[in-house]
Every structure is written in C-alpha cells, then in structure tokens.
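Worksheet for the structure shown next.
The values are calculated or read from the model by the stated rules, or taken from the named source; none is laboratory data. What you see is a predicted model; the values in this text were computed from it and never measured. Because the Cβ atoms are built from the backbone with ideal geometry, glycine has one as well, and the counts that use them run over all protein chains shown.
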Amino acid sequence: MSVAVSIQRVAKRFGSVQALDGVCLEIGEGEFFGLLGPNGAGKTTLISCLAGLVRPDSGQIGVKGFDVQDDYRQARRQLGVVPQELVFDPFFTVRETLRIQSGYFGLRRNDDWIDEILENLDLAAKAETNMRRLSGGMKRRVLVAQALVHRPPVIVLDEPTAGVDVELRQGLWQFVRRLNGDGHTVILTTHYLEEAEALCERIAMLKQGRVVALDSTRNLLERFSVHKLSLRAEALERLPEAITRRASFCEGYLNFHLGHVDEVEPLLAAIRQAGCPIREMRMNATDLEDVFIEVMRGQDESLAEEAGDVR
Amino acid sequence: MSGFRTLLYKEVLRFWKVAIQTVAAPVVTALLYLLIFSHVLENRVEINNVRYTAFLVPGLIMMSVLQNAFANSSSSLIGAKMNGSLIFVLLPPISYGEFFLAYVGAAMLRGMMVGLGVLLVTAWFAPLQFVAPWWILAFALIGGGIMGSLGMIAGIWAEKFDQLSAFQNFLILPLTMLSGVFYSIHSLPPFWQRVSHLNPFFYLIDGLRYGFFGVSDVSPLISLAVSGLAFLVVGAWTLALLRKGYKLRY
C-alpha cells in the first residue's frame, strides 16, 4: 500500500504550549483513518499543519509525496479539508460558493461534478439559496461539498458531525464511506467514539501533542479487551469472598471485568452454587470508549512517572 | 494563475453585489462635499486660474478612489477573518503573489468605478478640461494600488473591526483629507506646506489635477516618481507579510 499522508517528527509550539511534540504518522492510500484525542490534544493543529494553515516548527509533512510547504500547490490539490468551525461566506449562494471554490483550484466548467455533489448531499434544492439562509446542518453539508469540488484523493474531516442531527450524520457517513470505497483516503477526527469505531480501520490517539496509541481499530479493541458482566442476584450475603473480591457494587448491580468470554460460565456457576439466584444479567464487550479512557489514563500515569510525580 | 482569476472575480463580485453601499454611496458623499464647498467658496476662491468647483472635482475623485480602494481590501480581509471564511482562500493552491494581485486588483477596480462615478455626477457642476488624460489614469491607478495594498496590510493586521476603524479614521482619513483635496497647499503657511510635501497622497492629488488642468503645485514627474515609489514600498511590504503568512498562517 502506498503512502497518502506522511507526517515525520512534526513539532509546533504556540507560546508556552507545545501543541505538537514530534508526531510521526503514516496513512496509507485508501485508508479510513481516525485521529482521536481529548480537547487540546493537537488534532486540529496537526490537520492545520497538513493543510498548510499552520507552519510546523520542525518536521516534514507530505501528501501523496508532495511536501506541504515546498510543493504546496500540488500538496493542496491532493487535499480536501472540512473545517471544524461552521464557516461560510455570506455574500454568495451555494452554487456560487462551489463554483468559486472550484475556480480557486483552477477548475472552470465544473458544474457536472458540482451537481453530483449537491445531489449526494441533498443540497440540490438549496443550490440557489444564499448561504446566510441555510440551517446549520445545511451549512455543514456545503462545507463538505466545498472540500470535494476538486475531487481530492485525500479528504480530511475535522469533527464533521458536531451539532449535526442523526439523519444528516447517517447520510454524511454513507457518502463518505462511498468516497472511501471509491479509493479516497479519509482522515477523520471526532469526539463520537462509536463513529470512529464503526468507520475507521486504523486509529491514532493523540494526547498533549504526542501519539499515544496507533493501531488498527480491531487490535486496539482486542488489546484492551475486557468483558463487563453486570448482574443482580438475591441473597448476596451468601457469596463467598473469592467472588465478592472480584466484583464491584454499583446501584444494586454486581460488576465483573473479565479478560475473556470463557470466564463467564464458571463465574455464573459459582454464584449459583453459592445459592444466589440471578434475577437480571447483562454483558458488554469493550468499545472504543473504554479503550480511549484506558489509553488516556495509562498515558497520565506514564507522564506522571516521567515527571517524577508520585501519586 | 487560475486561482488568481477566480479570486479576483470573487473580490469584484463581493463588492458589486452590494454596489449601493460600495459604489453609489461614496459617489453621493463626494457630490455632497462638492455642493456644500462650491456653494460656500465658488465666488471667493480661484486657484491657479481655475474656478474653485472645477479645482475641487479632481480632489474629490482622488479622495474617493483612495478611500474606496482602502475600504475594499481591508473590509474584505477583516470580514473573512472575523467570520472564518478566509480559510476558503487559504486552503487552495493560491500563491501569495496571486493573493496580492487579486485583492489589490479588485480594490483598484472599485476605486476606479467610484472615481468615474464622481466624475460623471460632478460633470454638471463644473466645466472640466482633460489636458493629459493618461496622467489622470496613471495617478488614479497608482492611488488605488497604494490604498488597496495598505488596505490589505490593515485587514491582515487588525483583529477586530474597531482596530481597522482606528487605522481608517486616525491615519487614512486625515492623510487623504489634508493632502490638498479641498485647497491648494500654496494657501498654507510655509511650515504646513513642508509637512504636506511629506504626505504621499498630496502627490497623487496634485498629479491627478495636473492631468485635468495642466497646472499643479509640483511637477507631475516628481509626483509620479513619489507615488510610484510609495506603491513599490507599500506593495513590497504587503507581499512580505503575505509571504511570511503574518497573522494568516500560524
């Protein structure tokens, strides 16, 4: 697989804040890549460096082999960015906005493709409407359309579904999935971890400007695989200590964290044997949220160790 | 240069869509100045054998060119910065040179349109001559260029509308109004005459007047040299800021 985006030891400091601290990443062509991290982790700064909006203090970034600083014209042609903020130029209609954006990339007579994008994003009926008169969700769709006018092979979506209703979110993902299926590389940042889990093949987690986890989504889930078993049972006082020691109590539920599904059956047998009839039971597999919390917590501890902080 | 063409088109469309405010309104303002000052001074003042109303017209034209060229690039940039839409011109493969040419070009065009508008509406009030029309065009274009560039600098530098307004009201407005729009600097005391010679806008207005009447306070060649140099300096400064990405790319 050839490399679509290569990020090498990129660092950026804003005043006293080290926004990016030697980030290295390689994103393959055709990949659906997730960039996760808490607020202020450096996700948007990294994307801005990629898009040429922020100039790194050190390090190199290439898009499809073109350096984003030295070969910026080629690099920017390869890239379509959907910004996080809901921005628009109030002077123009939707179609004017898209025609102008095409022109910036040297594309005149781009109306066939513009119509196709409008159709796919359910914007066709609003084509002649002024940007000011669109709802927030519609404006968001125009931002996506603007990023796609020049058919960029690499598409970056910075929190595209923040404040977007369920229907649009579903429609948007369907469209982005199709683009990915057509061979576009997609880089996504999001706060909705279930979105990242459902869409991204590979994920990088950022914290304080560093990559703290980088793996396929499946590996990440497996690596932190825990099965959570919650149950409600009667006569809990009869439970032997060997079992209660493994459990935590919360709102009348007994919660167990199990490393593997095979541990479930023996545990249930032991509870039954102790004479505690089970009244209610549920089981959850690990989701990305658990992984995320685990990674961020682990990182806290290692950072604390680095700093010689004893807690 | 494909990005340049579209950016220029967009900048022109931007002011043309609100032409009442960006073109018609300044023409009316200039006309009001003309009506008031010519009413008060027409029979009392004559400068270089030119009747006051006729003398005033080129000054008003140049003042309108200057102020509107400045307003165009500065308000476009700060507006796009404030509402975040500047990102749409920062993401595409547009070089800083194209960026400069598009914004300054649109500013010059708006300046010329307003200037032409002022010329047309004031033509009824004063018999004008056009002794050296190429000089008229040259000074109007250079004036628009200087102010389009300065407007870019102000729009890039300012972070809020009131900072831009300070730039406009405390610097641009006094420099343009005190540059001989309404009077010949020969009517000033010697000290203020010397101060006026330090104001680059004085040369623009004086040069433009030469184009109309064939007479001026200083030689039009000197005015052309000073104005051209001012454009070079301001233009190079603007290009340097754009190249560095000052307050645009962090």
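Residues in the range A:54-83 that are more than 10 Å from chain B (Cβ to nearest Cβ) and β-branched (Val, Ile, Thr): A:Ile61, A:Val63, A:Val68, A:Val82. Quick check, is A:Leu46 part of a helix (DSSP H, G or I), more than 20 Å from B:Lys244 (Cβ to Cβ) and either at pLDDT 90 or above or in contact with a Ser or Thr (Cβ under 8 Å, 6 or more places away or on another chain) (or both)? In short, yes. Of all residues in the range A:68-91, those that are within 30 Å of A:Glu128 (Cβ to Cβ) and either part of a strand (DSSP E or B) or in contact with a strand residue (DSSP E or B) (Cβ under 7 Å, 6 or more places away or on another chain) (or both) total 6. Note on the range B:42-97: residues that are over 16 Å from the mean Cα position of the chain (by Cα) and either part of a helix (DSSP H, G or I) or within 13 Å of chain A (Cβ to nearest Cβ) (or both) amount to 26.
None of B:Ala140, B:Ala132, B:Ala102, B:Ala106 is aliphatic (A, V, I, L, M), surrounded by 21 or more Cβ atoms within 10 Å (Cβ to Cβ) and either more than 14 Å from chain A (Cβ to nearest Cβ) or in contact with a His (Cβ under 6 Å, 6 or more places away or on another chain) (or both) except B:Ala140. Considered as a group, the residues in the range A:89-112 that are more than 7 Å from every other protein chain (Cβ to nearest Cβ) and without any contact (Cβ under 8 Å) to a residue 12 or more places away in the chain include one that is surrounded by the most Cβ atoms within 10 Å (Cβ to Cβ), and that residue is A:Glu96.
The set of residues in the range A:133-159 being more than 24 Å from A:Gly28 (Cβ to Cβ) and either in contact with a helix residue (DSSP H, G or I) (Cβ under 8 Å, 6 or more places away or on another chain) or at pLDDT below 90 (or both) consists of A:Leu134, A:Ser135, A:Gly136, A:Gly137, A:Met138, A:Lys139, A:Arg140, A:Arg141, A:Val142, A:Ala145, A:Gln146, A:Val149. Among the residues of the range A:92-116, those that are more than 22 Å from A:Asn180 (Cα to Cα) and assigned to a loop (DSSP other than H, G, I, E, B) comprise A:Phe92, A:Gly106, A:Leu107, A:Arg108, A:Arg109. Only a single criterion out of (1) touching an Asp or Glu at 6+ places or on another chain (Cβ under 8 Å); (2) part of a loop (DSSP other than H, G, I, E, B) is not satisfied by A:Arg151, namely (1).
Looking at B:Phe161, B:Phe202, B:Phe212, just one residue is touching a residue at least 12 places away in the same chain (Cβ under 8 Å) and surrounded by fewer than 16 Cβ atoms within 10 Å (Cβ to Cβ), and that residue is B:Phe161.
Residues are listed down the side, and each one gets a yes or a no for (1) within 17 Å of A:Gln84 (Cβ to Cβ); (2) surrounded by 15 or more Cβ atoms within 10 Å (Cβ to Cβ); (3) not hydroxyl-bearing (Ser, Thr, Tyr):
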| position | (1), (2), (3) |
| --- | --- |
| A:Leu121 | no, yes, yes |
| A:Ser135 | no, no, no |
| A:Lys139 | yes, yes, yes |
| A:Leu143 | yes, yes, yes |
| A:Val149 | no, yes, yes |
| A:Gln170 | no, no, yes |
| A:Thr185 | no, yes, no |
| A:Glu197 | no, yes, yes |
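Looking at the range B:140-250, the helices (runs of 4 or more DSSP H) lying wholly inside it that each contain 1 or more residues that are in contact with an Asp or Glu (Cβ under 6 Å, 6 or more places away or on another chain) sit at B:200-213, B:220-244.
Check whether at least one residue in the range B:206-215 is more than 14 Å from chain A (Cβ to nearest Cβ) and touching a His at 6+ places or on another chain (Cβ under 7 Å), and report yes or no. No, every residue in the range B:206-215 fails to be more than 14 Å from chain A (Cβ to nearest Cβ) and touching a His at 6+ places or on another chain (Cβ under 7 Å). Only a single criterion out of (1) out of contact with any Ser or Thr (no Cβ under 7 Å at 6 or more places or on another chain); (2) of a type in the set (S, T, N, Q); (3) at pLDDT 95 or above is not satisfied by B:Ser149, namely (1). Of the residues making up the range B:1-18, those that are surrounded by fewer than 19 Cβ atoms within 10 Å (Cβ to Cβ) and more than 17 Å from the chain's Cα centre (by Cα) are B:Met1, B:Ser2, B:Arg5, B:Tyr9, B:Leu13, B:Trp16, B:Lys17, B:Val18.
Per the conditions (1) surrounded by fewer than 22 Cβ atoms within 10 Å (Cβ to Cβ); (2) free of Cβ contacts under 8 Å to residues at least 40 places away in the same chain; (3) over 17 Å from B:Arg249 (Cα atoms); (4) not polar (S, T, N, Q), the sole criterion not satisfied by A:Arg73 is (3).
Residue count for the range A:1-36 under the criterion of being outside any strand (DSSP E or B) and in contact (Cβ under 8 Å) with a residue 60 or more places away in the chain: the result is 3.
Among the residues of the range A:3-40, the ones that are in contact with a helix residue (DSSP H, G or I) (Cβ under 9 Å, 6 or more places away or on another chain), among the hydrophobic types (A, V, I, L, M, F, W, C) and either under 25 Å from A:Tyr192 (Cα atoms) or surrounded by 14 or more Cβ atoms within 10 Å (Cβ to Cβ) (or both) come to 10 in all.
Per-residue answers, yes or no, for (1) surrounded by fewer than 17 Cβ atoms within 10 Å (Cβ to Cβ); (2) out of contact with any Ser or Thr (no Cβ under 7 Å at 6 or more places or on another chain):
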| position | (1), (2) |
| --- | --- |
| B:Thr53 | no, no |
| B:Met62 | no, yes |
| B:Asn83 | yes, yes |
| B:Pro127 | yes, yes |
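Of everything in the range A:37-53 that is free of Cβ contacts under 8 Å to residues at least 12 places away in the same chain and within 14 Å of another protein chain (Cβ to nearest Cβ), the residue that is farthest from the chain's Cα centre (by Cα) is A:Leu53.
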